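Written below as structure tokens is the structure these notes are about.
The values are calculated or read from the model by the stated rules, or taken from the named source; none is laboratory data. Since this is a predicted model, take the numbers as computed values, not measurements. Please note: Cβ atoms are built from the backbone with ideal geometry, for glycine as well, and neighbour counts cover all protein chains shown.
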Amino acid sequence: MRIGIDFDNTIAGFDDVFVATARAMGLVDTRYHGHKRALRDTIRGLPDGELAWQRLQGRVYGAGMASARLIDGVDAFLHRSRAAGEPVFIVSHKTEYGHHDPEAINLRQAALDWMTAHGFFRGDDNGYGLRLQNVFFEATRQKKLERIAALECTVFIDDLEEVLLDPAFPVGVTRVLFAESRNGIPPGVVHCRTWRQILEVVFDEPR
């Protein structure tokens, strides 16, 4: 196998960071609670909501990167992949700098720093043994899809349906959607709510 994985909201979880930052920016009430998708819809419904959402993303993926959490189950999956000798590639649609970020933080370097802090590139028993050369940041979705094809991934895991359903998504790659409960999952997409389910699907392990 050649396993490809998205980064934001697939490996690194930002729900709490998004809400805390949105509160600090005055975009939602201090009592607001909700996941990223619900928060996005709420902010986009505001006057100039799309601009506000872009500004929020710039802050979260830049200054807020250090506060992101490793999503539950990713560690077990990466350890299993390493033990099996299956190469893992991280392919992320991530520009170098965020939209409307006054601090002009390099988003790609912030993500690499986060991975380093979480042991992604460590070769000891507590690390995941990922090669730095196996991490790719692409400026557009099209470039991301081209990278998945060039790497000859046999499976790709992403939290966004629109990536997996893009007409340009490489043919023959197993498409795994990591997401909450969804209605009407299209044919050809494997829906997993947890990384434990993803591990079972990818490595064909019994539940």
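Taking the residues in the stretch 1-43 that are crowded, with 21+ Cβ neighbours inside 10 Å and among the charged types (D, E, K, R) as candidates, determine which candidate is farthest from Phe156 (Cα to Cα). Out of the qualifying residues, it is Asp8. Where helices (runs of 4 or more DSSP H) sit wholly within the stretch 1-87, those with at least 1 residues that are farther than 30 Å from Glu200 by Cα occupy 15-24, 36-44, 49-61.
Quick one: would you say Arg55 is touching a residue at least 12 places away in the same chain (Cβ under 8 Å), surrounded by 17 or more Cβ atoms within 10 Å (Cβ to Cβ) and charged (D, E, K, R)? For Arg55, the condition - touching a residue at least 12 places away in the same chain (Cβ under 8 Å), surrounded by 17 or more Cβ atoms within 10 Å (Cβ to Cβ) and charged (D, E, K, R) - is met. Of all the residues in the stretch 117-139, those that are within 18 Å of Thr10 (Cβ to Cβ) and polar (S, T, N, Q) number 1. If you go through the stretch 22-36 one residue at a time, do you hit one that is closer than 23 Å to Glu96 by Cα, of a type in the set (D, E, K, R) and at pLDDT 90 or above? Scanning the stretch 22-36, I find no residue that is closer than 23 Å to Glu96 by Cα, of a type in the set (D, E, K, R) and at pLDDT 90 or above, so the answer is no. Quick check on this structure: which one of Tyr32, Tyr61 is closer than 30 Å to Asp124 by Cβ, in contact with a Lys or Arg (Cβ under 8 Å, 6 or more places away or on another chain) and not assigned by TED's automatic domain parsing to the domain that holds Lys143? Step by step, each of Tyr32, Tyr61 is checked, and only Tyr61 is closer than 30 Å to Asp124 by Cβ, in contact with a Lys or Arg (Cβ under 8 Å, 6 or more places away or on another chain) and not assigned by TED's automatic domain parsing to the domain that holds Lys143. Looking only at residues of the stretch 131-155 that are more than 16 Å from the chain's Cα centre (by Cα) and hydrophobic (A, V, I, L, M, F, W, C), we find that the one that is farthest from Thr95 (Cα to Cα) is Cys153.
Quick check on my filter: what residues within the stretch 177-199 are hydroxyl-bearing (Ser, Thr, Tyr) and without any contact (Cβ under 8 Å) to a residue 40 or more places away in the chain? Show your work before the answer.
First, the residues of the stretch 177-199 that are hydroxyl-bearing (Ser, Thr, Tyr): 181, 194.
Passing the criteria: only Ser181.
Among the residues making up the stretch 150-161, a single one is in a helix (DSSP H, G or I) and either of a type in the set (Ser, Thr, Tyr) or surrounded by 15 or more Cβ atoms within 10 Å (Cβ to Cβ) (or both): Glu161.
Residues checked against (1) surrounded by 18 or more Cβ atoms within 10 Å (Cβ to Cβ); (2) outside the structural domain of Leu78 (by TED's automatic domain parsing); (3) touching a Lys or Arg at 6+ places or on another chain (Cβ under 6 Å); (4) in a strand (DSSP E or B):
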{"position": "Gln133", "(1), (2), (3), (4)": "no, no, no, no"}
{"position": "Phe136", "(1), (2), (3), (4)": "yes, no, yes, yes"}
{"position": "Gln142", "(1), (2), (3), (4)": "no, no, no, no"}
{"position": "Ile148", "(1), (2), (3), (4)": "yes, no, no, no"}
{"position": "Val163", "(1), (2), (3), (4)": "yes, no, no, no"}
{"position": "Pro167", "(1), (2), (3), (4)": "no, no, no, no"}
{"position": "Leu177", "(1), (2), (3), (4)": "yes, no, no, yes"}
{"position": "Gly184", "(1), (2), (3), (4)": "no, no, no, no"}
